[in-house]
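Bear in mind these aren't lab numbers, they're just calculated from the coordinates by the rules spelled out. Keep in mind it's a predicted model, so treat the numbers as computed, not measured. Neighbour counts run over all protein chains shown; Cβ positions are idealised from the backbone, glycine included.
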Amino acid sequence: MDECRCGRPAVYHGSGGRLTCGDHLSEWLRSQVFAELKKFIKSSDSLAVAASGGKDSTALLEMVHDWNCERNNPLPLKAILIDEGITGYREFTRKFLEKFCEFHDIPLTVVTFRESLGSNLDSIMKRRKDSQVSSCTICGAFRRYLLNRVAREAGATKLLLAHNLDDEVQTLLMNLFTGNVGQAGRKGELSETPDDLFVPRFKPLIRVPEKALTIHGLLHYPSLPDRECPYLRESLRYEMRLMANEYETLHPGFKLKLINTYLRDILPALQKTPPKSGGNLQKCECCGEPASQLICKTCQLRQTLGLKAPDA
Ligand code: SF4
Ligand SMILES: [Zn+2]
Ligand SMILES: [Zn+2]
């Protein structure tokens, strides 16, 4: 049986040949997250973690909370959950997160699609009619919009997202496949703009493989609901996920190499010379929120789907 350096059975096999037991996996995850926090968080920051009650954001929230508690002057920290209204899925992760936040004494704000848009995602999907727009496009656009507004109104100066290495690889491939290089130019560990309305987004898990977080989640959060979003498999992201996983099997380390090359070489070039495909942020003519086009994606979708203006 494969062993960790401490002699215990290995539960995680990293792409670089690293074999770790559960404790050393957690230690490694914490060291990765703590190093990112140390690098990007300022003592004047106020933190909001976008939490869903899933394995990734729960691990991030717990590590940020622990890191913060170890500080001489802990920073304001809160969690934000956007409840899209996905039956059989979100109600379970929401319940888990509510208990988790109560136990750790972390203030939690819950915002629902139903209250903010007048309709939950399940109803929107039934009413979508002939529109070709996918569930994840709708869900992602509204969630980003609401997260930014809620975090800003809570006074947060950094919005922490639990996007892991696999998420980032999928996003990068999706942006390239759909010719959306402008979007790719705004990604990175820390996305900042001079616009006061946009809360800088920070992704401390950007180099952490999903597999590591899955094993960590299984070992540390046994009551975490083991459910998949019912809309996941109809998304382009899912196709990219299958493709990236296949490449990772054929060429171990492919995902990390891709993201490292992107962050080191491609992103700085894109940021220096913003591409024509929506690289700059402006104010949406409709709602006044940050947008990469005259009308933001949320307002475009809202009009197509006949929804009311979001109020956070
Ligand atoms: S898989 Fe798609 S629909 Fe489901 S929560 Fe994620 S973005 Fe939303
Ligand atoms: Zn060990
Ligand atoms: Zn708008």
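Some values worked out for this structure:
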read-out	value
Equivalent ellipsoid dimensions for the stretch 199-264 as semi-axes, Å, which come from the Cα gyration tensor, largest first	22, 17, 15
³J(HN,Hα), Karplus 6.51/-1.76/1.60, whole Hz, each residue of the stretch 40-47, x for Gly, Pro	10, 8, 9, 5, 8, 6, 10, 9
For the chain, built as a Gaussian network whose Cα springs stay under 10 Å, the top-fluctuating residue of 72, 120, 245	72
Residue-wise HN-Hα coupling along the stretch 60-67, computed from phi with Karplus coefficients 6.51, -1.76, 1.60 (Hz; x: Gly, Pro)	4, 4, 5, 5, 5, 4, 5, 4
Sequence-separation-based contact order of the stretch 14-166, relative, with Cα cut under 8 Å and 6+ spacing, percent	30 percent
Neighbourhood net charge (15 Å Cβ-Cβ; Lys/Arg +1, Asp/Glu -1) for residue 74	0
Distant-in-sequence amide H partners of residue 79 (H built 1.01 Å from N, under 5 Å)	49, 108, 109
Karplus-derived 3J(HN,Hα), 6.51/-1.76/1.60, for each residue of the stretch 294-303, Hz, glycine and proline x	4, 10, 5, 4, 5, 5, 4, 5, 4, 5
GNM result for the chain, Cα springs below 10 Å: residue of 284, 139, 69 fluctuating most strongly	69
Under 24 Å between alpha carbons - lysine pairs in the stretch 1-146 that sit 8 or more apart or on different chains	10
For the chain: relative contact order, % (alpha-carbon pairs under 8 angstrom, 6 or more apart)	21 percent
Dipole axis of the chain (+1 Lys, Arg; -1 Asp, Glu on Cβ), positive-most option in 263, 163, 282	282
Against the rule of thumb 2.2 N^0.38 Å, how large the Cα Rg of the chain comes out	0.99
